[in-house]
Amino acid sequence: MPRDNCGRCSILYVSDVSSVYILGVRVDRVTFQQTLALIETFIAQGTPHQIVTVNPEFVMLAQRNPTFRQVINQSALALPDGIGVWWASRYLGCPVPERVPGVDLVVRLAQLSAHKGYRMYFLGAMPGVAARAAAVLQARFPGAVVAGSYSGSPRLEENTALVERIRAKDPDILFVAFGAPAQDLWIARNLETLSVPVCMGVGGSFDYIAGVRPLAPQWMRNLGLEWLYRLITQPWRWRRMLALPLFVWYVCWSRWNRKNHRLVNHSLHL
Ligand code: UDP
């Protein structure tokens with residue numbers, strides 16, 4: 001059974017993870033360290049696992065896309081990525097211990113790859129961006145193993161060739177940056193055939209790591225104000241960002257209504 005490897009706590013087993021359902025969408029109550037320990041277990045097991053990084057936009061998309069909701073709820077790990085889900089879990093009385101932002105996890109996994117030799121594949125984003133993100137991470141963590149990178153697309157016509165291309169490189173970790181929900185639906189559709197132990201949708205992470213898009217300054221990230229930074233730097237996304245106030249409204253309504261809100265123990269079958 002895996003241990004939390006923070007070094008300070010005694011023994012923390014992470015085989016049982018509890019989850020909170022926010023508007024019917026699962027979010028796991030895990031810390032960053034537990035997430036890393038679980039990912040290491042997934043790789044040791046060798047069987048395919050899907051990881052999703054849940055933010056308010058995911059939750060709102062899942063309200064009108066039942067397939068997306070099912071993919072999130074059946075994933076191996078549904079991480080509390082956004083400040084909105086962190087707030088909602090608290091507001092609903094089932095707090096997640098901390099945020100596990102996808103972009104930070106990609107960076108940390110690259111560091112782990114340098115120590116453990118995990119093979120990473122970078123799929124998605126605009127042509128050249130995945131390769132650049134991989135190169136940035138390799139420069140930062142010498143020894144990190146890049147099995148491959150490719151921009152590709154989630155289109156059905158490309159599916160078979162894309163899956164074959166990735167299988168040929170036999171990665172341990174596959175990062176997919178097609179944006180949500182396309183990336184997560186693509187992973188779910190191909191998870192078994194890909195046979196990669198860890199497949200994770202990473203949204204705009206490659207853009208941030210490659211420096212194509214600016215990441216909010218650390219103080220804004222600490223305050224959970226990435227959404228404000230995005231609104232200022234990418235004002236054309238305002239329509240998409242309406243998901244956040246809508247999410248807040250629905251969460252308040254759901255608490256008032258005591259609906260869609262339950263805490264369950266979710267067994268990860270390690
Ligand atoms: N993207 C892609 N193919 C598509 C749609 C999007 O490769 O068909 C990429 C896009 O270039 C970006 C990433 O998907 O690198 C995520 O974009 P988005 O702005 O949606 O990221 P998020 O808001 O989820 O961080």
Considering only the range 161-181, I want to know if a residue exists there that is at pLDDT 95 or above, assigned to a strand (DSSP E or B), in contact with a Lys or Arg (Cβ under 8 Å, 6 or more places away or on another chain) and not charged (D, E, K, R). yes
Restricted to the range 206-239 and to residues being among the basic types (K, R) and within 19 Å of the chain's Cα centre (by Cα), the residue nearest to G128 (Cα to Cα) is R213
Considering only the range 200-218, I want to know if a residue exists there that is β-branched (V, I, T), more than 12 Å from the ligand (Cβ to nearest atom), modelled with pLDDT of 90 or more and not in a strand (DSSP E or B). no
Exactly one of R230, R258, R213 is without any contact (Cβ under 8 Å) to a residue 24 or more places away in the chain and over 27 Å from Y21 (Cβ atoms), and that one is R213
If we ask which residues in the range 117-134 are more than 16 Å from the ligand (Cβ to nearest atom) and either free of Cβ contacts under 8 Å to residues at least 60 places away in the same chain or within 15 Å of G201 (Cβ to Cβ) (or both), their number turns out to be 3
The one condition A44 fails out of (1) under 19 Å from L92 (Cα atoms); (2) in a helix (DSSP H, G or I) is (1)
- prompt: Is the range 166-179 home to any residue that is among the small types (G, A, S) and crowded, with 21+ Cβ neighbours inside 10 Å?
  reply: yes
Given the conditions (1) surrounded by 18 or more Cβ atoms within 10 Å (Cβ to Cβ); (2) modelled with pLDDT of 95 or more, every one holds for N65 apart from (1)
Among the residues of the range 240-270, the number that are loosely packed, with under 11 Cβ neighbours inside 10 Å and either at pLDDT below 90 or of a type in the set (S, T, N, Q) (or both) is 6
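The values are calculated or read from the model by the stated rules, or taken from the named source; none is laboratory data. Every value quoted in this text rests on a predicted model; they were computed, and no experiment measured them. A quick note on method: Cβ atoms are made from the backbone with ideal geometry, for glycine too, and the neighbour counts reach across all protein chains shown.
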